[in-house]
1. Tell me, what ³J(HN,Hα) does each residue in the stretch 83-93 have, in order and in whole Hz, if you take phi through Karplus 6.51 cos²θ - 1.76 cosθ + 1.60 with θ = phi - 60° and put x for Gly and Pro?
2. Convert each backbone phi in the stretch 59-76 into a coupling constant with the Karplus relation 6.51 cos²θ - 1.76 cosθ + 1.60 (shift: θ = phi - 60°), then list the ³J(HN,Hα) values in order as whole Hz, x for Gly and Pro.
3. How large are Rg and Dmax for the chain when calculated on the C-alpha trace, in angstrom?
4. Report the per residue volume, in Å³, of the convex hull enclosing the C-alpha atoms of the stretch 117-172.
5. Taking the Cα-to-Cβ direction at Gln409 and at Asp155 and moving 7 Å from each Cα, how far apart do the two end points lie in nm?
6. If you take every DSSP beta bridge fully contained in the chain, what fraction is antiparallel? Give it as a percent rounded to 5.
7. Using amide H atoms built 1.01 Å from N in the peptide plane, name the residues 5+ places from Gly222, or on other chains, whose amide H lies under 5 Å from its own.
8. Which order do Arg83, Arg181 fall in if you start with the one that has the fewest other Cβ atoms within 10 Å?
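We did not get these values from a lab; they are worked out from the coordinates using the rules stated. Predicted, not measured: the structure shown is a model, and the values here were computed from it. No Cβ is skipped: glycine too gets one built from the backbone with ideal geometry, and neighbour counts run over all protein chains shown.
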Amino acid sequence: MVQKEIVLQKQMADVIIVGGGPAGISAATILARAGKKVVVIERGNFAGSKNVFGGAIYAKPTAEIFPNFEEEAPLERCNTEHRYALLGEDDGTVISYKNPIHCQKGETNSYTVIRAKWDRWCAEQAKKEGAYIVTETIVREIIIKESKVVGIKTDLEEFYAPITIIADGVNSLLTKQLGLRKETQPKEVALGIKEVITLSKEKIQDRFNLDDKTGVIYTIAGGPMLGMLGLGYIYTNQESISIGVGVSLEELQKRNIKPYEILNELKEHPSIAPLIKDGDLKEYSAHLIPEGGYNSMPKILGNGFMVAGDAAMFVNNVHWEGTNLAMLSGKLAAETAIVALEQNDFSEHTLELYKKKLKHSFILKDLKTYRNVIPTLEHNASAFLGFYPKKINEFMEMFTSVDSIPKRQKYRTFIKNIFKERNLFKIALDMLKLLKLVWGVIVR
């Protein structure tokens, strides 16, 4: 309460940050560490209380902001395995990549975390560096003077600063107020539904073949999402499992499907049900996820402001990366703000450094690389996410079955059925689209 009263005085800050999620807190940490006066405005009752994500943070980008997080932060498990499950209606094909040596050598790729614990820890690090965090406060509008953003207005007070970093999430009201983007379209977002299911540590380790420190990630296609633009996931924590789905909002509207029904069907699938058997539901949450990527990015800077994280549509849906892009974009925005403060120049020309930094990082490079993947899958979901996954599972069933039918006969029947269900012209067209997509990812 004392901290809040200090902040609510009409004093100029160096930087105002709207949003206490990964992007906002990362920016605040870097700025405060550099000795800048920074105020974070968060609408939840604690930083990150409104945040939802699958379950993993990535070690390398996180260490750029919190160098000692592996020794100090509330981490759950070190992920040593990633399984990809391609589910049919009742069957499934699972492939896996595993490297347990990474955790032993300190070369960890990712950790699972409980978001409420993790975000609070991150906020505490920002406070230790000197950042002020004002919670339970809603930003109503941006204050603009002489075509420059000079602050923000809340229900209680006006805050002024030469730079404002907008990190208020996918439904960013401030970017809409500034005219940086129009109303979000259903095809530009996915609706994520997530449950946290408690299980004993022993059951988790037995079912997923883990020890007390290692974890596994599942990426799930098909099953109740056959033929539609959507994916599922599982993350293992110490004494709970995070399971969820993300499905295009346009897809849900078009099919008139309730997202929780999809998640319930996934939980009942024969390949998934044994993993969560006898677990108790602990949490349920829903959240919109930016789906448009590079093609839906708003203008991300202007006179006196920058946009970071989900508000800038910085999510890589091919690899399910969002938190790391948010954290690093917050860091780059903070570094740009430091330069602008030192030069006492807060114009769009100076803040253009933010965009240059993003272009040199993996953020814009990856988003540009995958810019056509989601649109291609969206327009060809029945084939790429329906017909072919079914055929892969049918092939695996045939290939692993032992009976009195000669193998050559089985292969010929399988191929004949493929062409019967989807003619040669359509298959050739599908392959052309796939090659074009791969060419765009690798070469262009």
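1. My calculation for the stretch 83-93 gives 10, 10, 10, 10, 9, x, 5, 10, 10, x, 10 Hz in order.
2. Whole-Hz 3J(HN,Hα) from phi for the stretch 59-76: 5, 5, x, 5, 5, 5, 9, 10, x, 9, 4, 5, 8, 10, 7, x, 8, 9.
3. According to the Cα coordinates of the chain, Rg and Dmax are 23.6, 84 Å.
4. About 110 Å³ per residue, rounded to a whole number.
5. 7.5
6. That works out to approximately 70 percent antiparallel.
7. Amide H neighbours of Gly222: Leu87.
8. Listing Arg83, Arg181 from fewest to most nearby Cβ atoms yields Arg83, Arg181.
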